[in-house]
Amino acid sequence: MRRDFLHSLRQLNDTLRETPVAVVTGKVRGVSGLAIDISGLSYHAAIGQRVHIHGAGDRTIAAEILGFSENSQKAMPLGHTERIRAGMEARIEASARALAAGDPEPFADRGGLFVSDGWLGRVIDPFGAPLDGKGYLPAGPRRRLLRAPPPPATARARLGGRLDLGVRALNTFTTASLGQRLGLFAASGVGKSTLLSMIARHTECDVTVLALIGERGREVREFIEEHLGAEKMARSVVVVATSDAPPLARRESAHAAMAIAEHFRDEGRSVLLVMDSVTRYCQSLREIALSSGEFPAARGYPASVFTELPRLLERAGPGAETDAGEAGFITGIFTVLVDGDDHDEPIADAVRGILDGHIVLDRRIAESGRYPPVDVARSLSRTMAQVTPPSEMALAQRARAILARHAELTRLLEMGVYEPGRNSELDRILEQGRAIEGFLAQGREEAVSIEDGFQALAAIVGT
């Protein structure tokens, strides 16, 4: 009983602290596409500022300032534009918390999350509201900004030791480091979600944060209940904005997941951040930028998209190092949906240049029946050499060379140019190549450690 009372008291206190106590008002002038034209907010409206539109019955519509000109502001709703009409009141509000803290810009509400350990095991929307029907989310003492800068480059800790992802193909050919940022590049329907579920379930970490951006609604529960599992979910926070969510909600889901991961990293924990997908995040940026009047550039993506990408992705990685030489880590797995299997399309090319490595899934490998369909020859971890002994590096390089020769010989066999038995060395390569292909196959429920993976690989190609 006492616990319930204290819980309700904390909830009431949080609500009162966020209650608006000062208001600047304007009027809605019109709506064009996804953009709302507002006037009267004068000098209080800043880019990224939250605006609340009143007059749609009992519902208040939140929006964000995208741009302005003199006394006219252009905003986009965080929800949908239905029931918005000219003459509605638009408000910028300052909360009791901001005024009590002496904030120099009390009206500059750009969103934030009060993350706490009570969020573990929960499913939330990009704005910190629960989606799992489990009630109130306990608020932490500190507001996490959705757009926080990354730790200073010179103060950041270095990457940690190697990280066990539980997947043979990744552990042996693209060995990851603690705090590394890896891209997972795949076209639709190749097996990306299955590989993500394997990584999320088997990776050794303190906390897992998942951002499901633009996913099909039916896949959310499936991923949480079947792919993630109850045990891992208890140490996870899932941020969801499905494909029917407005572009601002899809964009904010990426920033919200990053802010939550930063909270746990700053407490010195090891965090696995899985973002699916960066492409849909960029698509939401494109919708927002085009609605605000920005001109398209590369394949319809405005230039601002390529400015926002590094601002988001650079926030992952090691945290600032303490005086004791300790730090928390965000290991990031960011998926990229390559358009038409074109791995050189603008988003894939930009993300590949920012991250510390890339894992490529190939449709032809998936069609051959080998899962996960990781294309070893095209996948790379830029930090593998730093955390892998020379003997294991040589083993991986030798296996790569065998796979390359095996692919060439397979084509010659199919063309009838080469017949088995004519050359013992080539026959041995064919046999080893088939064994490595079998080694790369792995069931979804199976977890394989780094040590076991290299031992099995050594048994195939020799030491």
Note to self: Any residue at all in the range 234-244 that's of a type in the set (Gly, Ala, Ser), touching a residue at least 24 places away in the same chain (Cβ under 8 Å), under 24 Å from TYR371 (Cβ atoms) and touching a Leu at 6+ places or on another chain (Cβ under 7 Å)?
What the structure shows: yes
Next item on the list: Just give me the residues in the range 362-392 being of a type in the set (Val, Ile, Thr) and touching a strand residue (DSSP E or B) at 6+ places or on another chain (Cβ under 8 Å), in sequence order.
Entry: ILE365, VAL374, THR383, VAL387, THR388
Item checked: Output for the range 33-48, where each listed residue is of a type outside the set (A, V, I, L, M) and in contact with a helix residue (DSSP H, G or I) (Cβ under 8 Å, 6 or more places away or on another chain) -> GLY33
Check: Quick check: anything in the range 160-174 touching a residue at least 24 places away in the same chain (Cβ under 8 Å) and open to solvent by 40 Å² or more (accessible area, probe 1.4 Å)?
Finding: yes
Notebook entry, point to check: Does GLU294 satisfy the criteria of being in contact with a Pro (Cβ under 8 Å, 6 or more places away or on another chain), open to solvent by 50 Å² or more (accessible area, probe 1.4 Å), in a loop (DSSP other than H, G, I, E, B) and of a type outside the set (Lys, Arg)?
Noted result: yes
Next item on the list: Could you check how many residues of the range 37-61 are more than 12 Å from GLU89 (Cα to Cα), hydrophobic (A, V, I, L, M, F, W, C) and open to solvent by less than 50 Å² (accessible area, probe 1.4 Å)?
Entry: 2
Item checked: Scan of the range 176-211 for residues that are at pLDDT below 90 and either in a loop (DSSP other than H, G, I, E, B) or of a type outside the set (Ser, Thr, Tyr) (or both), ordered by number -> ALA187, SER188, GLY189, VAL190, GLY191, LYS192, GLU204
Next item on the list: Of the conditions (1) surrounded by fewer than 21 Cβ atoms within 10 Å (Cβ to Cβ); (2) touching a Leu at 6+ places or on another chain (Cβ under 9 Å); (3) at pLDDT 85 or above, LEU248 clears all except one; give me its number.
Entry: (1)
Item checked: Condition check for SER424: at pLDDT 90 or above and open to solvent by 20 Å² or more (accessible area, probe 1.4 Å) -> no
Notebook entry, point to check: Somewhere in the range 441-463, is a residue among the small types (Gly, Ala, Ser), surrounded by 14 or more Cβ atoms within 10 Å (Cβ to Cβ) and without any contact (Cβ under 8 Å) to a residue 40 or more places away in the chain?
Noted result: no
Next item on the list: Determine if the range 221-238 includes at least one residue that is farther than 27 Å from SER116 by Cβ and not small (Gly, Ala, Ser).
Entry: yes
Check: Has the range 360-371 got at least one residue that is under 18 Å from ALA254 (Cα atoms) and under 19 Å from the mean Cα position of the chain (by Cα)?
Finding: no
Checklist line | Matching residues, the range 225-280, being within 18 Å of GLU215 (Cβ to Cβ), part of a loop (DSSP other than H, G, I, E, B) and not small (Gly, Ala, Ser) | finding: ASP244, PRO246
Item checked: Any chance ARG364 is open to solvent by 10 Å² or more (accessible area, probe 1.4 Å), touching a helix residue (DSSP H, G or I) at 6+ places or on another chain (Cβ under 7 Å) and at pLDDT 90 or above -> no
Checklist line | In the range 315-337, the residues that are open to solvent by less than 10 Å² (accessible area, probe 1.4 Å), part of a loop (DSSP other than H, G, I, E, B) and among the hydrophobic types (A, V, I, L, M, F, W, C) | finding: ALA316
Next item on the list: Could you check, for the range 137-158, whether at least one of its residues is open to solvent by 20 Å² or more (accessible area, probe 1.4 Å), assigned to a loop (DSSP other than H, G, I, E, B), in contact (Cβ under 8 Å) with a residue 12 or more places away in the chain and closer than 26 Å to PHE454 by Cα?
Entry: yes
Next item on the list: Assess whether ARG378 counts as being open to solvent by 40 Å² or more (accessible area, probe 1.4 Å) and over 18 Å from SER277 (Cα atoms).
Entry: yes
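The values are calculated or read from the model by the stated rules, or taken from the named source; none is laboratory data. Worth saying up front: this structure is predicted, and the values here are computed from it rather than measured. Every residue, glycine as well, gets a Cβ built from its backbone with ideal geometry; the counts of neighbours run over all protein chains shown. These area figures cover heavy atoms from the full protein model, side chains too; ligands, DNA and RNA do not enter into them. Shrake-Rupley method; radii C 1.70, N 1.55, O 1.52, S 1.80 Å.
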